[in-house]
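A short worksheet on the structure shown next.
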Amino acid sequence: MKTLRLWTISSALLASVPAWAADIYVRDIKIDGLERVEPETVLSYVDVKKNVLTDDAKLDESLKQLYATGLFEDVSLNVSQDGLLIINVVENPVINKVLFDGNDKVDDTMLETEVRLQPRSTYSRAKVQEDVQRILEVYKRTGRYAVAVDPQIIKRDQNRVDLIFNIDEGPQAAITKINFVGNRHYSADDLQEVIMSKESRWYRIFASSENYDAEKTNYDKELLRRFYLKRGYADFRVVSAIAELSPDKKSFVLTFVLDEGKRYKISKLNVVSDIADVNTDSLREFVELEEGGWYDADKAEKSVTVLTDELGKKGFAFVDVVPELNKNTETGELELTFHIKEGERFFIDRINITGNTRTHDEVIRREFRIEEGDAFNTSKLKDSRRNVENLNYFSKVDISTEPKDENKADINVNVEEKSTGSFNVGVGYSTVNGALFRTGIYEDNFRGVGQRLGFDVGISQRAQEYDISFTEPYFLGRRLRAGVDLFRNEFDYQDEGSYDSETTGGRLRMGWNYTDDLSQQVRYTLRQDKISNVDDDASRYIKDEIGKYNDSSVGQTLVYDKRDSAINPKEGYYLSFGNDVSGLGGDEKYLKFDAKAYQYYTLADYYTFKLFANAGYITGYGGKDVRLSNRYYLGGSTLRGFDVAGIGARDKYTDDALGGNWMLYTGAEVMFPIGLDEVGIRGRTFVDMGMLGKPDNMDKDIVDYSSSPRVAAGFGFQWLSPMGQIDIDFAFPVMKEKYDETQVFRLNFGTRL
């Protein structure tokens with residue numbers, strides 16, 4: 001008698017069937033257990049026919065194919081002694097509804113787009129587990145790693161089920177600590193300013209920067225690379241970026257391991273070309289780097305762009321300019337060669353932009369240095385990408401090239417938008433203004449067209465400041481920054497001058513860049529100044545100015561900025577010169593000139609040396625004197641060691657400060673580590689010197705005045721605390737006049753959240 005043979009699969013477990021060599025004759029096929037599935041569907045997956053010999057291998061393969069359809073929960077094949085193949089199946093249920101419960105932070109719509117199981121699809125436990133993993137990935141992208149998903153089913157009639165994903169979202173996994181290993185030349189505080197990821201702080205309740213995101217961490221690695229390459233560290237690399245999840249899955253510790261490498265100076269600059277008729281000598285002037293200076297990758301890229309543009313003007317449309325480095329690791333010098341090569345010969349057909357649901361296409365297109373119809377250029381495409389990223393409107397910018405035919409290609413730009421609005425609240429205290437409160441709302445991409453709108457309010461014991469500003473970055477479709485400001489300021493000068501001051505007005509401004517470093521701004525200001533609440537015992541010079549005065553002025557400021565950072569500079573210099581002319585209507589007539597100069601050096605690891613000088617001069621014309629609100633005052637934050645308006649002309653009898661018509665404020669400062677970088681505290685020592693000129697038409701019998709230098713020296717601390725920056729200074733006057741008002745201790749505590 002022939003032995004009964006059985007093949008079966010149950011609950012996703014494939015049975016291992018022994019490979020018997022004997023052939024099996026199948027006389028007929030019978031299918032049991034079908035409810036919705038047609039018999040023909042089952043037979044289409046079975047590699048067995050009636051009245052045909054088969055074998056164990058074919059029966060085994062048929063079993064696996066039936067289970068792989070996902071239509072059945074259990075499958076078995078049974079061959080009887082008389083050749084009848086019986087196929088027993090248990091069908092998987094059909095999904096009636098897919099529901100989500102407990103999801104407050106991620107809406108149903110997003111989850112529905114992620115899961116594969118849908119109403120009227122076939123239920124299987126394997127597919128459910130796949131969808132559970134997809135839901136977990138969605139939550140990980142939002143920073144929630146402690147999420148738990150429990151799938152449950154509710155059975156309905158006709159072999160239908162409702163599938164419910166019960167979700168416990170858990171807390172967001174914030175970054176509790178960011179460590180940097182291998183950073184010898186820049187502190188952890190310096191590097192945290194560079195990257196997007198931030199340590200969790202109570203005042204970042206509205207920010208997402210403290211939540212761990214793997215893509216953001218990858219971008220942080222690129223930001224660190226740019227930071228170091230800009231400062232001459234041509235061998236810099238991020239060895240690793242490791243995110244360690246806490247056992248409770250509620251927080252991360254992020255560690256960047258860095259290899260700073262050598263810092264290089266440029267020993268020699270070359271421009272060479274593989275293309276005939278290119279005069280390389282004439283191109284040297286367009287290289288922004290200099291021999292003997294530190295290598296700067298940003299300037300090298302800008303030089304590539306400028307060289308490419310100049311070659312284009314000379315008729316060389318298809319070129320690649322490649323910066324090549326020949327480094328000497330022993331001497332810390334490198335030879336930089338700009339190698340001009342033949343580029344790919346094709347043109348840009350279309351620039352396609354996707355992903356920008358809020359930002360207008362034009363905002364992105366105007367940042368491109370290459371247009372539809374232009375010859376393809378790699379360096380210009382890199383510049384375009386950098387420009388779009390620098391808008392800070394997008395969390396991700398992907399740019400790819402898609403060939404269309406022999407000499408055309410499309411540029412595909414895909415972006416992911418992020419929040420561009422911010423709300424800040426500030427509290428603090430200073431020895432100048434007392435307790436203070438500040439709040440503001442800003443939108444950097446207003447209406448999706450790149451405009452900036454801001455509203456700011458500051459209230460302290462001695463001052464109230466209100467400001468509304470609006471800036472259009474591309475005025476009249478050109479690279480012109482046009483803006484308007486409305487402001488009202490109220491100040492209590494009772495301690496310094498026995499009066500209160502109010503200023504209300506507005507300003508129109510327009511700015512542009514000549515180069516990346518050289519910029520200019522012009523402005524028109526119309527304001528009304530009011531001197532009120534003057535003490536009966538105040539100086540007669542102050543009493544003479546009681547009332548309201550209108551000031552209508554035009555001005556300009558020219559800025560040359562070569563600092564490595566505008567926020568936390570370590571090297572480079574900054575120069576500015578501005579002047580204003582008042583008298584286009586109104587009550588005031590004056591000429592005003594201001595100049596500033598700053599120089600920064602890195603002396604050693606973490607040590608920054610700063611030299612600075614501020615100078616100003618104002619004079620009336622047309623028989624008009626310069627009023628109190630337009631004069632210069634020194635002291636407090638300007639000239640440490642002296643009280644606010646502590647030096648300069650002063651009424652002998654009332655002790656009221658009267659300001660000056662010219663001023664000079666200069667000095668030197670060294671910032672250095674004191675072993676508390678872990679908590680964001682650095683030390684500083686400084687020397688300040690100031691001089692203030694006397695106002696016009698002052699009676700020397702009534703006014704004390706000397707233009708001799710005042711000098712103070714001291715030390716202090718800067719704490720980048722969780723509540724904001726706190727400045728503490730102790731300054732001791734070295735040169736002063738007997739009537740000057742001094743201030744040894746100065747505290748300024750304020751935060752913007």
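For this structure, a couple of remarks:
- Comparing segment 355-483 with the 2.2 N^0.38 Å rule of thumb, its C-alpha radius of gyration ratio is 1.45 (two decimals).
- Shown in residue order for segment 31-46 are the 3J(HN,Hα) couplings computed by the Karplus curve 6.51 cos²θ - 1.76 cosθ + 1.60 at θ = phi - 60°: 10, 10, x, 6, 10, 10, 6, 6, x, 4, 5, 5, 5, 5, 9, 9 Hz (x for Gly and Pro).
- Rounded to 10°, Cα long-axis angle of helix 297-313 versus longest principal axis of the chain: 90 degrees
- Scattering curve values for segment 450-608, log₁₀ I(q)/I(0), Debye with Cα scatterers, q = 0.09, 0.11 Å⁻¹: -0.44, -0.64
- Pairs of lysines in segment 560-697 (C-alpha under 16 Å apart; 8 or more residues apart or interchain): 10
- When the surface is traced with a 1.4 Å probe over the full set of protein chains, M689 keeps roughly 50 Å² accessible.
- Rounded to 5, the percent of DSSP beta bridges in segment 245-337 classed as antiparallel: 60 percent
- Square roots of five times the Cα gyration tensor eigenvalues for the chain, Å: 70, 34, 26
- With every protein chain in place, segment 418-574: carbon and sulfur % of accessible area (1.4 Å): 55 percent
- For segment 64-117: rounded, prolate or oblate by the Cα gyration tensor [a/c cutoff 1.5]: prolate
- For segment 91-117 versus segment 28-85, the gap between their alpha-carbon centres in whole angstrom: 33 Å
- Both the radius of gyration and Dmax for segment 114-190 are 20.1, 71 Å, in that order, over alpha-carbon atoms.
- Proportion of all alpha-carbon pairs of segment 232-326 beyond 16 Å (%): 65 percent
- Between the Cα long axis of helix 378-390 and the first principal axis of the chain there is an angle of about 70°, rounded to the nearest 10.
- Geometric extent, Cα atoms of segment 324-391 - Rg, Dmax (angstrom): 17.2, 52
- Close amide H partners of R36, meaning residues 5 or more places away or on another chain with modelled amide H under 5 Å apart, do not exist here.
- Carbon/sulfur fraction of accessible area - segment 134-285, other protein chains in place, 1.4 Å, %: 47 percent
- With protein chains left intact and a 1.4 Å probe, residues in the chain average 50 Å² of accessible area per residue.
- In the chain, the DSSP-assigned H stretches of four residues or longer account for a calculated mean residue ellipticity at 222 nm of -4500 deg cm²/dmol, using -39500 (n - 2.57) per stretch and the full residue count as denominator.
- Site pair E737 and K341 shows an inter-label distance of 6.9 nm when each label is modelled 7 Å from Cα along Cα→Cβ.
- Normalised alpha carbon radius of gyration of segment 573-717 [divisor 2.2 N^0.38 Å]: 1.26
- Set the Cα radius of gyration of segment 440-539 against 2.2 N^0.38 Å, with N its number of residues, and you get 1.41.
- Carbon + sulfur, % of accessible area of segment 580-670 - ligands and nucleic acids excluded, 1.4 Å: 56 percent
- Folded to 0 to 90 degrees: helix 56-68 orientation relative to the chain principal axis, Cα: 40 degrees
- P(r) of segment 686-727 over all Cα-Cα pairs, binned every 10 Å from zero, in whole percent: 21, 27, 23, 19, 10, 0
The values are calculated or read from the model by the stated rules, or taken from the named source; none is laboratory data. Please read all numbers here as calculations on a predicted model, not as lab measurements. Cβ sites come from the backbone with ideal geometry, for glycine too, and all protein chains shown count toward neighbours. Please note that ligands, DNA and RNA were not included when accessible areas were found on the heavy atoms of the full protein model with its side chains. Shrake-Rupley method; radii C 1.70, N 1.55, O 1.52, S 1.80 Å.
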